[in-house]
Amino acid sequence: MRRAQGKVFLGLGLAVGLLGLSACFFLPGTEDGGATGDLRAPVATITAPADGFATDQTTLLVTGTASDLNTVTSVVVFGCRDGDTPDRSDPCYPQMIGAGMVVGGQLQAVPADNLTGDFDTWQARLIFPDVCGQSIPFAIRVGTMDDRGNFNKDAAHILVNLDLAGPDVVGPELTIIAPRDGQATGAMTIPVVGKAWDCGTVASVIVDPGTGPVAAESYSGIPGDLDIWLAHVDLTPGVNVVTVTATDDQGNPTVQALNVTLDALADMVLITTPTPFEMGYDSGSDPEQPQHLVLLSDYYLDLYETSFADYLLCYYILDDPANAGSHYCPLVGSEDVVFEDVLIPAGSPKNPFPDDIVDTLVYPLPGREKYPVQNIDKFSAEWFCNWNGGKRLSTEAEWERAARAGAGANNEPDGRLNPLGGNTVDCATANVLGCIGHVLAVNDPIYGANPLGVYHLAGNMMEWVQDFYQDDYYSVLKPLEPVPDPLMDVEANSTCLNGSWDCIVNRGGSYTSSAQVARSTFRNYYDDPWQIGMDYMIGFRCAADGP
């Protein structure tokens with residue numbers, strides 16, 4: 001059965017995760033505990049503010065640089081009350097943490113935003129929640145980790161003097177988590193989710209998409225707790241200006257606005273198919289044979305793999321009424337998938353910070369919203385596509401038709417095995433094994449798009465399609481050619497794994513797949529869509545029927 005993924009469970013896990021993280025951000029170990037080879041932790045420099053800086057503001061923007069022999073996967077910033085700590089081996093003992101990110105009344109380190117590649121420059125905004133009305137010296141500390149697991153608890157630090165002894169005249173600190181500014185969606189009703197904090201009490205958060213104000217509610221379900229808030233709003237076709245106003249108990253407001261476009265066909269391409277195309281590869285593996293003619297109806301296909309930013313909207317809004325507290329669009333879809341496997345930071349082969357996993361379900365890692373959503377089972381992918389404007393997953397034939405598109409008037413397939421042209425998939429044309437070494441953002445231009453404008457049809461992420469797998473399916477289709485709109489019907493036809501109905505096709509390969517798996521004709525499958533199919537290599541994109 002699917003494990004319930006609900007707000008109650010999330011809230012409990014969040015509290016535990018934050019307590020663990022507030023105790024210490026870093027994994028146990030030593031600074032030279034990495035893999036064989038690179039044993040040095042990244043170094044960091046704080047470029048602003050200067051050492052000795054004084055402020056009377058409740059937030060502080062810290063900027064800096066980081067570097068390493070390999071890839072810097074994480075930079076975190078946190079504030080410690082200056083002075084002797086009970087344990088001098090820890091640069092920020094738990095009782096001394098006084099600034100960072102506030103969630104549900106708990107403090108945690110702030111993951112820095114990566115402003116350039118490899119954290120060459122970064123920034124993080126600290127909040128001082130427990131020192132309102134006080135004047136206190138603080139130590140601002142920076143921790144770093146690379147992709148080999150080497151970490152530095154105190155890569156850089158400065159001292160600042162905080163003076164908040166005056167009255168509260170500043171509105172709440174306000175951050176909108178979802179949707180992202182400029183995001184397009186096919187759903188008419190969407191969630192707006194964010195966080196708010198103030199020296200006093202956040203009295204209200206009002207969200208207005210232009211169709212009327214809606215009072216946000218506590219995401220955690222705790223009455224009056226608007227540290228994490230949620231409001232469901234209705235959109236009208238086209239661009240909607242969504243305004244969020246947070247007000248504290250002194251009447252001080254903070255206002256933010258973002259644009260959200262209601263357009264079910266945004267970032268999709270219409271694929272016209274006036275003539276049959278040849279599907280399969282006679283020189284490939286047995287399941288790719290024989291080549292056969294297929295005639296498709298016109299259809300739309302996403303230009304990009306589904307991103308975290310897109311998927312989170314479905315996660316926040318769709319509860320499963322048949323299973324209290326669970327989601328139709330979960331971020332974990334299998335009992336055998338642990339939280340540590342869910343959100344793997346871009347550029348790292350594993351998530352090095354298991355204590356903050358539950359928190360990253362609410363707050364995606366900085367920049368993570370641009371990356372393809374991972375660990376999503378096929379059935380949750382179908383739910384998302386349907387919610388996002390009545391879309392669906394593509395069929396296996398539709399996926400291959402798009403991957404083999406040529407440069408002609410209707411982008412008719414030209415027999416290519418590489419979506420970018422020719423018959424060879426390699427590091428020059430696809431993010432496969434031995435190339436980049438990590439997943440790329442859905443719109444990363446490094447490899448460019450195929451003739452249809454579609455990105456990452458080879459490599460980066462495996463992609464679910466509708467079809468269930470049958471090893472000799474093409475032999476069944478061959479006598480029927482040209483086959484109109486083929487779709488493998490699991491109940492009628494599947495003989496996958498000696499009769500198992502659990503085999504679902506995925507296409508395109510991932511950044512951990514061989515070049516062979518990433519070619520346009522290769523047929524891959526998982527024999528258990530709930531478990532084996534749930535890993536960091538698999539995502540999806542949506543399709544829709546043509547006009």
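Nothing in this text is a laboratory measurement; each read-out follows from the coordinates by a stated rule. No experiment lies behind these values; they were computed from the predicted model shown. Note: ideal-geometry Cβ built from the backbone for every residue, glycine included; neighbour counts use all protein chains shown.
Footprinting exposure proxy ranking of Val72, Val214, Val110, fewest other C-beta atoms within 10 angstrom first, gives Val214, Val110, Val72. Size of segment 173-261: Rg and Dmax of its alpha carbons, in Å, are 12.6, 39.
Between Asp249 and Arg392, the modelled label-to-label distance comes to 5.5 nm, taking each label 7 Å out from Cα in the direction of the beta carbon.
Under the criterion of Cα pairs below 8 Å and six or more residues apart, the relative contact order for segment 173-261 equals 34 percent.
Neighbour counts of other Cβ atoms within 10 Å put Cys199, Cys427, Cys542, Cys435 in the fewest-to-most order Cys427, Cys435, Cys199, Cys542. Scattering from segment 91-181 was approximated by placing one identical point on each alpha carbon and applying the Debye formula without solvent; log10 I(q)/I(0) at 0.14 1/Å stands at -0.65.
Between Asp298 and Ser285, the modelled labels are 3.6 nm apart [label points 7 Å from Cα along Cα→Cβ]. Simple spin-label model, 7 Å along Cα-to-Cβ: Asp263 to Phe53 in nm? A separation of 3.9 nm, rounded to one decimal place. From most to least packed by mean Cβ count within 10 Å, the peptides 257-266, 453-462 give 453-462, 257-266. Here Ala428 and Thr45 are evaluated by their C-beta separation; at R0 = 30 Å the FRET efficiency comes out at 0.25. Within segment 435-468, find all residues whose amide N lies under 15 Å from a label point positioned 7 Å from the Cα of Ala407 along Cα-to-beta-carbon. Answer for this model: 449-453.
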